[in-house]
Structure formats: structure tokens, C-alpha cells
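Reading through the C-alpha cells given below for one structure.
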4 protein chains.
Amino acid sequence: MYKIDMNSDLGESFGRYTIGMDEAVLGNITSANVACGFHASDPVVMEKTIRMAKEQGVQIGAHPGFPDLMGFGRRSMQLSTGEAKAYTLYQISALGGMCRAQGVELQHVKPHGALYNMAAKDYKLAQAICQAICEYDKNLIVMALSGGELVHAARDMGLPVALEVFADRAYEEDGSLVDRRKDGAMITDEDLAIRRVIRIIKEQKVTAITGKDISVKADSICVHGDGEKAVAFVKRIHRELEKEGIEISPLK
Amino acid sequence: MYKIDMNSDLGESFGRYTIGMDEAVLGNITSANVACGFHASDPVVMEKTIRMAKEQGVQIGAHPGFPDLMGFGRRSMQLSTGEAKAYTLYQISALGGMCRAQGVELQHVKPHGALYNMAAKDYKLAQAICQAICEYDKNLIVMALSGGELVHAARDMGLPVALEVFADRAYEEDGSLVDRRKDGAMITDEDLAIRRVIRIIKEQKVTAITGKDISVKADSICVHGDGEKAVAFVKRIHRELEKEGIEISPLK
Amino acid sequence: MYKIDMNSDLGESFGRYTIGMDEAVLGNITSANVACGFHASDPVVMEKTIRMAKEQGVQIGAHPGFPDLMGFGRRSMQLSTGEAKAYTLYQISALGGMCRAQGVELQHVKPHGALYNMAAKDYKLAQAICQAICEYDKNLIVMALSGGELVHAARDMGLPVALEVFADRAYEEDGSLVDRRKDGAMITDEDLAIRRVIRIIKEQKVTAITGKDISVKADSICVHGDGEKAVAFVKRIHRELEKEGIEISPLK
Amino acid sequence: MYKIDMNSDLGESFGRYTIGMDEAVLGNITSANVACGFHASDPVVMEKTIRMAKEQGVQIGAHPGFPDLMGFGRRSMQLSTGEAKAYTLYQISALGGMCRAQGVELQHVKPHGALYNMAAKDYKLAQAICQAICEYDKNLIVMALSGGELVHAARDMGLPVALEVFADRAYEEDGSLVDRRKDGAMITDEDLAIRRVIRIIKEQKVTAITGKDISVKADSICVHGDGEKAVAFVKRIHRELEKEGIEISPLK
């Protein structure tokens, strides 16, 4: 029997600013990555997002990012490892305590945006993030780009890992994501995207942008809720995976 | 045998900005109120402050404030009760998780600056703060102005309370602090300040600004570490209280 | 011949967060109040908003607010007059310089949200705001609630004033706006709202919430662009005023 | 007759946080680089710094930085050129307008911290910064690392340039500054530092870290005011240069 987790970035609204159709997405995923107030979100939004996820039975993870609200955490910042560790620990703690207040356990941690991308390539940064996770709770699952440095750092520290893949992104031969600025980086054909995901789950294989088949393991697929089209695709992929006999279930 | 806690606001530095002689103060107090990143502090400062307090055996409390770094949390802001509750919970959680990462338990919560002053007068705001504390941990001690609304709200919710007094502030007849802008609001004569504190501890009485004696109970005295003179006074008050047979000990 | 300016708050988006249908609104107004980066907006948004307003021939005003992005500048904050003056001057300067870079002149200044409401009631605060405007440019028009303290402070300093009225708000007998939390504060009947505006312009009279007719002068009507319904109403009110022979024209 | 400008970064305090002995430094320099509220400073600090500089007859420049108060603008951030341009224009405008309010003209613009270092190496970023300066005022002097890309970008756009050198930093053979993390990067011997500066001014030569003499031109020397020792050195270097017959004078 095949199994996969579906995760999405939620709770990214801020004050009077709204981003994402969180309520619509929550009915179709098993893990929610909740922003923690640095690159997005605020305490009121976090509280509401935890409550909605809890009501829908969706597992919650911390989604720490760079302290850059103006850039939505998508711009690289050169933090020291001490800063990266402390910022991650602060954000996990903030969300973790708010979950505890609602009687919910944190399931995982997934870095956001530029922090996610940098941690996939920089072992020292990945280590700093894992250090924060270890200190907070050694049972938290690290959700990381399948094949990236964060996977290695987490395993080296004995943390449980969930390998993440992207339905809408092309892969290089070495298993890294094709840079968004390159042609063909995004898989825009929905049928193709779904076939690729199914193949990754069943055969652990995907065709790289060069045409060569490569190995990719997946514990979780990342889906998006930032518009009606995106939400419709989330529903469709959920349905198609179930039709294929793949169980959609959280990581724990 | 008389007993009193001595508390001070610490961990108020931010990035490259330094405020307070934290290390010097820590040797003379029993409870540290640590800023949580809203009105002051950042995750690196918080981590360091927790470590120093732990090394010196000083108990740690969360010191949540308004989201107003530019005003150091000293300017009134009209939050809704929902905002006040969520902001407080976020800040307690952030600090609480960082304490847990270092194997330390949170002892108490004391609101900062304008939030402290407003909560002493506004029962609904005080209730929102206590709601956050309750949800996080019902055993956390609420440190509040002796006689103020936060004391009532905390007791009404069954939370343990520590009554706080100020060595350097004058009192009105109703037990509230004299407004800082009024003449005589600050007790600048150190000998007088110390005599007043000793009397509060031993007789539970203080002379109000009107000349009338009023009742004041104290579990903790607030002292400051924002300069060499302030630190010298902290050392002196510590010494003089011990000479009077008063034990300086934390709240728990 | 009757004349009126139509103004709207624009440029309130921030980073990846979007608020307001600015492009749709710009075709129907004569004055744009552009947020300056404190309660909303960022430099990229400001630059784009100035360019769009310029292209549509809409006059630009600075819309300074409290340093409270999380609360969108809608929460009262107790600033000192020195702070209020410096914050206002900073924001006018930032927007003014960005206008100058595009060859556009600032037309007016209108405080935002809680700062607007507080300045309508607090002469000293209003004075601090006008002080900033005076120092920047004595020819800038102060846009202020018709009948409020900001009007008096501006006139006392010799600054030109534009009296603002609201199509969708009820008035007290003293000319102040009915508090949003009171029943009947909002005029939701569009036909009624338009009739009231026309009467204000032609007769300088409006019926207060008590039923009594009061005098109200208007140089500008505030309209909103925060949704499709709001934008449709802006178009309609524009059309109906022109049908009544009222010219829609900027303040200068 | 030899001439040199002496510049220092000022106005870096924020709210209740103080950095730098601005008053002491102002008596010994001719150009002040004033922070603009992104990496440091706030409107009240900016207003006060402008007033102090004006009183001492010191010329004022804008010192724009990254939007990273927590990192004091010292951490690299990957901005788009559009963001870099808009952020720079916003900051120059804010300070420029506040200067105008006090009847002072802006003299120059010098990027701060990581933005300064990145602009010295990245022509496209340097161009974005110069674009902002051009749009604001083509007569503003660009203060830039002697030999760096910002010098080239400014000249290519026809902006006046002031070449900056550092008394306390070692140079590579290519004229770039030795990375702070390398041994020998800082010139800690004050006598040596002063001899080097005098030689740069009189002979336009300095000995690189490799031992080889290289050409370096200087219009301005950067000095620091972040402590009593630093201020004493500023006074000494001022005195020693005058003894050598070098006139300390502003750029314009």
C-alpha cells in the first residue's frame, strides 16, 4: 500500500493583509506549515490557523523564515549560524507554545522560502536549524527537500526526516530543483504534474529536465493554496492519488 | 522570618544595541523578567539572557510587551482583547520554548511598560493577559502591581500571583503608583527608599504621597540595572535587606 | 457651479501583500492619499502608486500613519508631540522625495486611521502634525475632518485646508462622525448616501443621527477601493455627482 | 595645498537605544553620514542629528542601508535592483526632506554596511543605487570605496563622486579592503594608521597587505565614534593631519 503526506504553507496572512485560501486548502491536505511571525503571520493569525487545522484534523508544523516581512522571507540573508539557530528556535517555540495552548502537538518543522533553499545547499546552515529543532524536541520531524543538505544534517543529528517533493517543479539530474528563472522550471501541465507525482510515489523515479530518469524519494508533496486555480489543483491531485490507491496520510 | 523576591527587567538589548548591565544585576536578584522580542530583545539576546540567568540560579519570567520597538513598549496602544491575548501567548511561548531548550522552567509572567500600567487599571485587558497565561501553563505566577486589576483578574482565574512593589516610586492613597509626570513621583533619596521597602515587608505599610499610611503587600521588589548607579543601588538594597533579617528568595 | 474633490486611500499594499483595487479607483478620483511605509506600503509600492496616479492625472497626497503595520495604523498610540511631529515629517519627506523623483508635486497631507481620528479631537496632536507640514512646505493642503481640531490647528498656522466628508458615515449633532461601533454609524443605503453627499455639496447641510439638520462644509469626499462593490460605488457616485452638475476636480 | 574630508556614520541610535558618541565626533569631522530608519535610526533621532550637525557646520549625507534593524544592515540581502533602487530613494527622500525642513541641503549619499560592500563589487546594484540618487538630485555626491564598482556606476551616470578610504583597514593589491575575518585586516597601530593616511593623501599610495605599494586616491577618510577610544583617535588624526598642512574640509 502506497502512502503520502500532502503539505501546504498556511497562516501567511498578516494584520489586515490576507494571503492564501487557507480554509479551502485545509480540507485537502494532511500537514500544514504555519508561518511564525518573521516572514509572515502574526499571533492572531497563528492562533486562528492552529484552530482551523485542529478542527480539520490536519497536523501542524512550524514554518520558520528569515526576519524579512517586506520580502516575505524569499530573499537570501547571510545570517551567522548562531543567529539562524536562535531565530529558528524562537519561531518554533512561539508556534509550539500556541499549539500546546490549544492542546495540539507540533508534528514537524519546515524552513520557509530562502531559508529552505539555502538550507538545502549549505550543511552548516542546515545544522544550525537542526540544532534548534533538537533543543526544542528531538521527536519533531524535519521536512526537507528530498536529497538536500538539510536531510543529511537532520539524519546526522538523529532527527526524523520527511522527504519533500514538488508536483509543479522540474528537477535537475542531481535531484535539486531547477532554478525558477530557467525555462521549464515549472511544470504547468497539470496532467503531467500528476503523472510525475504518482510515478515518484510508486516507482521513486522522475524524469529530470535533461530527459534522464533519476531516483527521488517522497514522504510528502507540497501543494499551494494561493488562488482558486491552485486550490482546484490541490483537490484534483488529492482525488487522483486516492484513485491510484495511494493513501493520503500525515507523517506521524 | 521575612522573605522577599527581587526582580529586574533583563534581556532588553536588540541586535547591535545594548541596554542594561544584565550581568552585574543578575548576581543580586532572584527573578529576571526577560523581554520577548516585541518591545525589546531578539532571539540571540533571549538565548544568552536565559543562559546567564540559569548560570546564576536566577528564576526566569516572560516580560511580554506591546509590538512597539521604537517606543520600547512604553506607549499605550489600544489593542482588542483578542490581540492582547494572542500577543501575550506568542511572547510567553517564544521565551518558554527557549527556556525549555536550555532545561529551565518559566517561573512567572510580568507584563512590560504601558501594557503593565494599562493592565493594572483595565480588568478586561488584565483578563486577556491571564487567559494567555492560563492556556500556556496554569502554574505560571502572574507578577502584578500590588492592588491592581491584574491581581484581581489572575486570582479570579485561579492563577498564582506575586504582588510587586517599587522601591523608587511614590504611592497614591488608593495604592496606585503616582504618575511619573507628577512632582514627588520618584523616591530619589536612597535611604528613604530602603526604609520604605523594609517597612512594606515588615509592616505591610507605606506612607502615601498625601502623608497618610496605607496598606501594601509585597512578594517582590522591582529593581533596575540600567546604569552603574542603578546597579550600585541594587547591591545596596540587597545587603540592607539581608542585614534586616529579610531573606531574598525567588517566588517558587 | 459646484465643485468637489474625490479622494481615496491608495498604495496600501506591502511586499507580497495586496490591499485595494488601486488601478480601478484611480480612474474615478481626483486626489490619492498614498501610504508612506509606517502603517502600510513599502518603497516599491509607493513608487508604483505615484507612477499610476501620475499617468491618470490624479493629485497625490501623503497619508502618514502610526508605526503599526500589524494594526494597519488603526489602533490609538500615545505618542509625544515630538514623536508625532517627527514621524509625520519623515513620512511626508519620504513620499515627497519619491514624487519629486517622478516630477510630481505633493498636493496635500491627510493623516491615516487612528492618527486622523485622534488629530480631529486633540488640538496639540493636530498642531504637531501641522508643524511637520509647515516645516516641509507651507503650501501643502491639510486634508482634515470637516469641523475637527486639525482644521483649527492648520488654519491657526496659516496652512491651506481641505474639509473632508464621508459619504458612508453618519454624523453627530456636533459634526463629529458617529462612532463605528454605534448602530447607524454606517450609511449602507447607497441611494441615501449619494443624496446626502449632494445635499452637503449644494446646501452645506446634512441630517445628523439625531434627526436634526446640521451645517457641514465639504471640499473633498472620501471614497474607498477595497473591493469590487466599493469600486462600483465610487464609479456610481462620480457619475451621479456629474449628472447633478457638480464638477469633480482636485484641490489645487 | 592638500585637502581631505573626514566622514563618520552618525544618527544610529533608535528609540531608547543609544549607539555612538555623536556629539563628541561632530566637532572633529566635516561630513556626517546619517542613518535613515532602515538599518538604524528613527525620525526623532534623525531630526536631532540633523540639528546637531547643522549647529556644528558639518555637512550631511544620507546613509541608506538594508531593511534589517536586527542585523544593523550588516548582513547581505539579495534584493532585486528594483527594490534596491526604491529603498535607496525612500531613505534619501526621508532624510532629504527632514534636512530641508531645517534649511539644510543634503551633500552626499553613502550606502551603509553590507549594502556598501555589495555595491563596491556589484555594478548592477551600484547602478540601482545611483539611479535613485540621480532621480532625487543629480548634484548629490556619491561617497564610495575608492576603486569600487559604485565609483564606476556613479561616473557612468555623471554623478559627482567622493573617493573614500579607511584609516583602520588593510588593502589587497587590487585596492579592495581585506576581509575583516582575515588576519591583518584591521590596522590597530594608531601611529601606523595615521602615517598610512598621510601617505595616501600626499602620495596617493598605500602598502597593500602583500607588501606591494598600490595607488589609492582619497577625497574622504572614514572615522568612527562608537566609543571613547574611537573618539580620541578621531581627535588625534584630525590634529595630526592639520600639523601636516592638510586642510580638513567638506566635499563641496
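The values are calculated or read from the model by the stated rules, or taken from the named source; none is laboratory data. Every value quoted in this text rests on a predicted model; they were computed, and no experiment measured them. Positions of Cβ are generated from backbone atoms using ideal geometry, with glycine treated the same way; all protein chains shown enter the neighbour counts. Accessible surface areas use protein heavy atoms only, side chains included; no ligands, DNA or RNA. Shrake-Rupley method; radii C 1.70, N 1.55, O 1.52, S 1.80 Å.
Once both labels are positioned 7 Å from their Cα atoms along Cα-to-Cβ, the gap between B:MET52 and B:ALA24 label points is 1.2 nm. Dipole magnitude for segment A:6-104: computed about the Cα centre from +1 point charges on Lys and Arg Cβ and -1 point charges on Asp and Glu Cβ, it is near 140 debye. Mean partner shielding of peptide D:8-16, defined as the number of other chain Cβ atoms within 10 Å of each residue Cβ, is 4.
Think of each Lys and Arg Cβ as +1 and each Asp and Glu Cβ as -1; about the Cα centre, that makes the dipole of chain C roughly 120 debye. Farthest toward the positive end of the dipole of chain C, out of C:ILE4, C:LEU79, C:PRO160, is the Cα of C:PRO160, where the dipole comes from beta carbon charges about the Cα centre. Within the shell of other residues whose beta carbon sits under 14 angstrom from the beta carbon of C:VAL45, the net charge comes to -3, with Lys and Arg scored +1 and Asp and Glu -1. Tell me the net charge near B:ASP226. Cut-off is 11 Å between Cβ atoms, B:ASP226 excluded, with +1 for each Lys or Arg and -1 for each Asp or Glu. With Lys, Arg at +1 and Asp, Glu at -1, the neighbours total -2. Most simply put, the protein assembly as shown has about 20% antiparallel DSSP beta bridges, counting only bridges with both residues inside it. On the accessible surface of segment B:2-248, probed at 1.4 Å, how many percent belong to carbon and sulfur atoms? Taking all protein chains in place, segment B:2-248 shows 45 percent carbon and sulfur surface.
Stokes-Einstein diffusion of the protein assembly as shown at 20 °C, 1.002 mPa s viscosity, Kirkwood radius from Cα pairs, rounded to a whole number: 69 µm²/s. With label points defined 7 Å past Cα in the direction of Cβ, position B:GLU228 shows copy-to-copy spacings of 0.7, 7.0, 7.0 nm, given to one decimal and shortest first. The Cα center of segment D:8-31 and the Cα center of segment B:183-222 differ in position by 40 Å.
Order these peptides, A:229-241, D:238-250, C:77-89, by their mean beta-carbon neighbour count within 10 angstrom, highest first.
Per-residue mean Cβ counts within 10 Å order the peptides as C:77-89, A:229-241, D:238-250.
Note on B:ALA232 and C:THR207: with the Förster distance fixed at 51 Å, the Cβ-Cβ geometry gives a FRET efficiency of about 0.15.
Using C-alpha pairs under 8 Å with a sequence gap of at least 6, the mean separation divided by the residue count of chain D gives a relative contact order of 23 percent.
With a 1.4 Å probe on protein heavy atoms only, work out how much accessible surface B and C bury together, total over both chains, in Å² to the nearest 100.
900 Å²
Relative protection proxy for C:200-209, B:31-40, from highest mean packing down: B:31-40, C:200-209 (other beta-carbon atoms within 10 angstrom). Mean sequence separation of contacting Cα pairs (under 8 Å, at least six apart), scaled by the length of segment A:75-197, corresponds to a relative contact order of 20 percent.
Cβ under 13 Å from A:MET21's Cβ, A:MET21 left aside: what net charge do those residues give with Lys, Arg +1 and Asp, Glu -1?
Net of charged neighbours comes to -4.
Remark on segment B:86-135: accessible area falls by at least 20 square angstrom from chain-alone to full-complex state for B:ALA86, B:TYR87, B:LEU89, B:TYR90, B:SER93, B:ALA94, B:GLY97, B:MET98, B:ARG100, B:ALA101, B:GLU135, probe 1.4 angstrom. Around the Cα centre of segment D:47-104, unit charges on the Cβ atoms of Lys, Arg, Asp and Glu (plus for the first two, minus for the last two) sum to a dipole of about 80 debye. Note on D:41-48: average number of Cβ atoms from other chains within 10 Å of each residue's Cβ is 6.
At the listed q of 0.08, 0.12 Å⁻¹, the Debye profile of segment C:2-248, built from one uniform point per Cα, gives log10 I(q)/I(0) equal to -0.27, -0.65.
Could you tell me which trypsin sites (Lys or Arg not before Pro) in segment C:1-65 are loop residues by DSSP with no more than 12 other beta carbons within 10 angstrom of their beta carbon?
Answer in residue order: no site qualifies.
For A:GLU190 and C:LEU192, the FRET efficiency from 1/(1 + (r/R0)^6), where r spans their Cβ atoms and R0 equals 60 Å, is about 0.80. Ligands, DNA and RNA are left out, and with a 1.4 angstrom probe the accessible area of segment D:2-248 is 38 Å² per residue.
Measuring from each Cβ of chain B to the axis that turns chain B onto chain D, the shortest distance belongs to B:TYR17, 2 (residue, then whole Å). Considering only D:TYR116, D:TYR136, D:TYR17, the mean-square fluctuation computed in a Gaussian network model of chain D, springs between alpha carbons under 10 angstrom, is largest for D:TYR17.
Taking a point 7 Å out from Cα toward Cβ as the label site, list the nm distances between B:GLN102 and the same residue in every other copy, smallest first. Those label-point separations list as 3.0, 4.0, 4.9 nm. Only helices enter the 222 nm calculation for the protein assembly as shown: every DSSP H run of n ≥ 4 contributes -39,500 (n - 2.57), and dividing by all residues gives -12500 deg cm²/dmol, rounded to 500.
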